[in-house]
Amino acid sequence: MPLDVDLKTKLLLLAPGFAIIIFITIGPFIFNYYMMFFRWKLYDPIYRHPVFVGLNNFITLFTEYSLFWDAYVKTFIFTLIAVPIEFVLGMLLALSLNRKIPGDRILRGILLIPLAMAPVAAGSIWRVIFNPMNGFANYFLHLIGLPPQPWNTSRSQAMLTLVVVDVWQWTPFVGIVLLSALASLPREPMEAAMIDGASPRQIFWHVTLPLLRNILLLLLILRIIECFKTFDYIYTLTYGGPGSATTLITYRIYLDGFRRWEVGFAAAEAVLTAIIVSFIVVAFYRLMRR
Amino acid sequence: MNLEKSKDIEILKKRITRRKALSTAAKVGLGVVVAGVVAGVGGYYAGSTAAPGKTVTVTKPTTVTSTVTKTVTATVATTPTKPKKDFTGVKLTYASMSGPPADQVRYAASLLKEKYGMDIEVVDYPWEVFFSKLTTEFVAGKVSYDFIWLDTAMMPGVAELGILQPIDDLVERDKAELPSIDELVPIHWDYAHYEGKLYGWLNTCNYNNFWVRKDLFEDPKEQENFERQYGYPLTDFLKQPDWLKFNDVIEFFHRPPDLYGYVQPLCWPQLCFPAWHTRWFTCTGVPEIDENWEPYWDRMGKNGILSIELLKYQLKFMPPGVLAMDNPDALAVYLDGKAAVMTGWDTFCLFKLEDPSVSKVVGKNLHLPPIGGPKGHCVYTNVGHLLCITTAAKDVKREAAWEAIKFICSPEFEPERTIHSGQTPETKTGWKLLMQKHPELPIDKIFDYMTHCATVAYGPFFGDYVTGVKDNIAPAVAGEKDPEKALKDLAEVYRKAYEPYRKSGKKNTHGLTIPQWKGPDYTEDLCKQIGL
């Protein structure tokens, strides 16, 4: 029996939730959009208090500040390497676990461990593992007869090291979501294809994968957004280096906002990033929906 | 404290000479203005509890020229009555970086409770977030701490936020209880001042040392091989190191993977501080910013570029991954006996060197004198740590915080706190007493070496400086960026940051002197050696 609750009571009950959302999400969000039009530098004798500068922050970003775009290029490279690997490995995991194998429940539990770990803790542990002098990664390579690698300490390998950590943490997420999706797929189309003589590979490419399209699209969007938000591993594993090899976009914004204290400028960078990521997501969405 | 003795210190003398360039009119004008302001403020506060005792401030314009590094206002003509030193019921909150700066106060807290009855709560944060945490709190108008630890280099930034109290009046009042200026590292004393005011008491110099493996240098076979290969005795390096000999030594001992020539933490932000700056100061002989906030980085030509190229060259003799090594990583390599030479902070590594539970090189360490570069003669230090009183500490709390600071920084207590926390002494006597307690530590000349320090003068723009180095110098050292372009871009970052300061007519009063090299200018030889 539906409760007879009047509108006033409904609003009253909703108010605490709304208040929290307004104060911790919508408020700062609007404030960020407001601040992007100001020069606000916390130590500056003139700009310590916000000074309206119109679109100057954006003009600087587009005309002078190449570091911002360098960070974007690196973020794209990171995303383009990490996301496909996670999808391929995640799909393999899901397909492997989507059948009755001994100990599959334990395996699924183990898969959840990286997801349960805080990225900062994971980054710190990987920093120890990748230590080129006495880390486990090189010890393992030594055991199998391979030469030691510089990992996160080399300009050429630092980005790949970040990818390794990202893949380690997020492949299980992709795998588990796809496993759930596979388990919920209707059996009939696959059985029909089998009766028609389709091979398992043909069934996967022409039946399973199209049926998974929506969930793949969702996962892809989530992973792209997450890749653009990568911060913790950089902060703990590479500090954006060596040199600037792993200074991705969020780390760049952090440096500008919380190291240089250019708060208004960092707000403009964040807004521009939100616009760019939204554009990418919409483009992907349209592409995949075709 | 005998401030007059400062005249004997060469470094201060140089600064005093430069200040003579100020016009007399300006000095008198400044004196009159300051006197007016002080008189006005003094009058307002005369009856208030915030007034430090019954201080009557009289400005002496003449002293501006002779003691400008001490305090521009050079106030106080009469000694105020000392307050009673019973602080029972007073609760102070202290904030610092985690590690030795926090542990020293934790250790001192029970003693201070016993001595003065005060309670101290210690709040600490990792170094990476300490400054950010403070800034966001202070900008929000919140000062939760009565006294705080600061890297001296950070002090101007925090002072600019208006949350630090100058302590000139307290120092003047209690000068008899404080160590003489001869006891302090002169350049650190200089750096404790901002805009002519003393904003904190000197806690430690936080000196960046070069350590070498004594056993290797004393090995007759190594000595013989070295002399045959390089044509001069290996022990020459220990008497008067320069970069030419330094490069020979680290090349000679570089025998990977068992032994590396040299190890120094080079990840960000370490690269911002000890690594490149030692090379900058020694290769150029100039500070980084001049009196008008104008950077030197793109004005030193070949010598500026040499400061980066030298570090790049020395990377060849460092362990793999050194560009991502932080202090613990680099120290671990040295303690494992895998490096012949190491650079490291004294607060961080001093006791570990001779601790058999963590070190394989016990009894095998020598402390290297400062490097004589082609131009400058120094080692880098960020010029230490200060203990500062915030504006939250009023009246009795201010007095209690000052007593706590004096106690923690007293030469008699310094060895105790060093042993219990790792926070090393600032004073000459403190180091002497520490040596008496720990004769195994190779630190007999450390105070003399510390006087050959140089540091960064970034004024209130600490963040711009650190980020500028990360964005430009770190990529140059890593081989991503042309060193000349890196120096030019860094200079541009700084010029932009300081533009408002230049416009406002503010002068830079920080770190304008680098200890000069008494040897020959060997720029060309060094360039040839590293292939520049």
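Yes or no: A:Thr230 touching a Ser or Thr at 6+ places or on another chain (Cβ under 9 Å), away from chain B (no Cβ under 14 Å), in a helix (DSSP H, G or I) and modelled with pLDDT of 90 or more? Criteria not met by A:Thr230. Within region B:296-318, does at least one residue satisfy the condition of being touching a residue at least 60 places away in the same chain (Cβ under 8 Å), assigned to a strand (DSSP E or B) and in contact with a helix residue (DSSP H, G or I) (Cβ under 7 Å, 6 or more places away or on another chain)? Within region B:296-318 (the criterion being touching a residue at least 60 places away in the same chain (Cβ under 8 Å), assigned to a strand (DSSP E or B) and in contact with a helix residue (DSSP H, G or I) (Cβ under 7 Å, 6 or more places away or on another chain)), the answer is no, since none of the residues qualifies.
What number of residues within region A:246-268 satisfy the criterion of being within 7 Å of chain B (Cβ to nearest Cβ), in contact (Cβ under 8 Å) with a residue 12 or more places away in the chain and closer than 24 Å to A:Asn152 by Cα? Don't jump to the end; show me each part of the working.
First, pick out the residues of region A:246-268 that are within 7 Å of chain B (Cβ to nearest Cβ): A:255, A:258-261.
Right, trim to in contact (Cβ under 8 Å) with a residue 12 or more places away in the chain and you get A:255, A:260-261.
When the remaining residues are screened for being closer than 24 Å to A:Asn152 by Cα, the result is A:255.
Number of matching residues: 1.
For region B:83-133, residues that are out of contact with any Ser or Thr (no Cβ under 9 Å at 6 or more places or on another chain), surrounded by 14 or more Cβ atoms within 10 Å (Cβ to Cβ) and of a type in the set (A, V, I, L, M, F, W, C) total 8.
A residue that is at pLDDT 95 or above and within 14 Å of chain A (Cβ to nearest Cβ) cannot be found anywhere in region B:290-306. Counting only helices (runs of 4 or more DSSP H) wholly contained in region A:6-113, the ones carrying 1 or more residues that are farther than 30 Å from A:Phe173 by Cα and within 14 Å of another protein chain (Cβ to nearest Cβ) occupy A:27-35, A:56-63, A:66-97.
Of the listed requirements (1) within 30 Å of B:Met325 (Cβ to Cβ); (2) free of Cβ contacts under 8 Å to residues at least 12 places away in the same chain; (3) more than 14 Å from chain B (Cβ to nearest Cβ), A:Tyr239 misses just one: (3).
Quick grid of which residues meet (1) touching a helix residue (DSSP H, G or I) at 6+ places or on another chain (Cβ under 9 Å); (2) of a type in the set (D, E, K, R); (3) within 19 Å of B:Lys113 (Cα to Cα); (4) away from chain A (no Cβ under 14 Å):
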| site | (1), (2), (3), (4) |
| --- | --- |
| B:Lys375 | yes, yes, no, yes |
| B:Val379 | yes, no, no, yes |
| B:His385 | yes, no, no, yes |
| B:Val396 | no, no, yes, yes |
| B:Ile419 | yes, no, no, yes |
| B:Pro425 | yes, no, no, yes |
| B:Glu440 | no, yes, no, yes |
| B:Ile443 | yes, no, no, yes |
| B:Gly468 | yes, no, no, no |
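In summary, A:Thr153 fulfils each of the numbered conditions (1) out of contact with any helix residue (DSSP H, G or I) (no Cβ under 8 Å at 6 or more places or on another chain); (2) within 23 Å of A:Phe228 (Cα to Cα); (3) buried (at least 20 other Cβ atoms within 10 Å of the Cβ) with the single exception of condition (1).
Annotation note: Cβ proximity below 6 Å between a residue of region A:138-155 that is touching a residue at least 60 places away in the same chain (Cβ under 8 Å) and a residue that is assigned to a helix (DSSP H, G or I) and surrounded by 20 or more Cβ atoms within 10 Å (Cβ to Cβ) (sequence gap 6+ or interchain) occurs for A:Asn152/A:Ala158; A:Asn152/A:Thr161; A:Asn152/A:Leu237; A:Asn152/A:Thr238; A:Asn152/B:Ala324; A:Thr153/B:Leu323; A:Thr153/B:Ala324. Every residue in region B:211-263 that is under 14 Å from B:Leu368 (Cβ atoms) and exposed (fewer than 14 other Cβ atoms within 10 Å of the Cβ), please. Residues satisfying the conditions are B:Thr235, B:Lys239. In this structure, A:Asn138 does not qualify as not in a helix (DSSP H, G or I) and not aliphatic (A, V, I, L, M).
Do any helices (runs of 4 or more DSSP H) entirely within region B:99-214 hold 3 or more residues that are under 20 Å from B:Thr451 (Cα atoms), and if so, which?
Numbers: elements: B:100-116, B:127-139, B:155-160, B:168-173, B:186-191.
Filter on region B:99-214 gives B:186-191.
Here B:Gly157, B:Gly141 are screened, and the one residue that is buried (at least 23 other Cβ atoms within 10 Å of the Cβ) and either aliphatic (A, V, I, L, M) or over 23 Å from B:Gln104 (Cα atoms) (or both) is B:Gly157. Taken over region B:318-333, residues that are surrounded by 24 or more Cβ atoms within 10 Å (Cβ to Cβ) and more than 11 Å from chain A (Cβ to nearest Cβ) amount to 1.
Counting residues that are touching a Leu at 6+ places or on another chain (Cβ under 8 Å) and within 26 Å of B:Glu484 (Cβ to Cβ), which helices (runs of 4 or more DSSP H) fully inside region B:235-284 reach at least 1?
Values: elements: B:236-239, B:243-252, B:274-284.
Ranges flagged: B:243-252, B:274-284.
For B:Tyr449, indicate whether it is at the interface with another protein chain (Cβ under 9 Å from one of its Cβ atoms) and aromatic (Phe, Trp, Tyr). When the stated conditions are applied, B:Tyr449 does not pass them. Applying the condition of being of a type in the set (A, V, I, L, M) and touching a Lys or Arg at 6+ places or on another chain (Cβ under 8 Å) to region A:165-198 and asking which residue is surrounded by the most Cβ atoms within 10 Å (Cβ to Cβ) yields A:Val174. Note on region B:486-512: residues that are among the hydroxyl-bearing types (Ser, Thr, Tyr) and surrounded by 20 or more Cβ atoms within 10 Å (Cβ to Cβ) amount to 3.
Scanning region B:449-480 for residues that are over 14 Å from A:Gly240 (Cβ atoms), over 19 Å from the mean Cα position of the chain (by Cα) and in a loop (DSSP other than H, G, I, E, B) yields one hit, B:Gly479.
The values are calculated or read from the model by the stated rules, or taken from the named source; none is laboratory data. Everything numeric here is computed off the predicted structure, so don't read it as measured data. Note: ideal-geometry Cβ built from the backbone for every residue, glycine included; neighbour counts use all protein chains shown.
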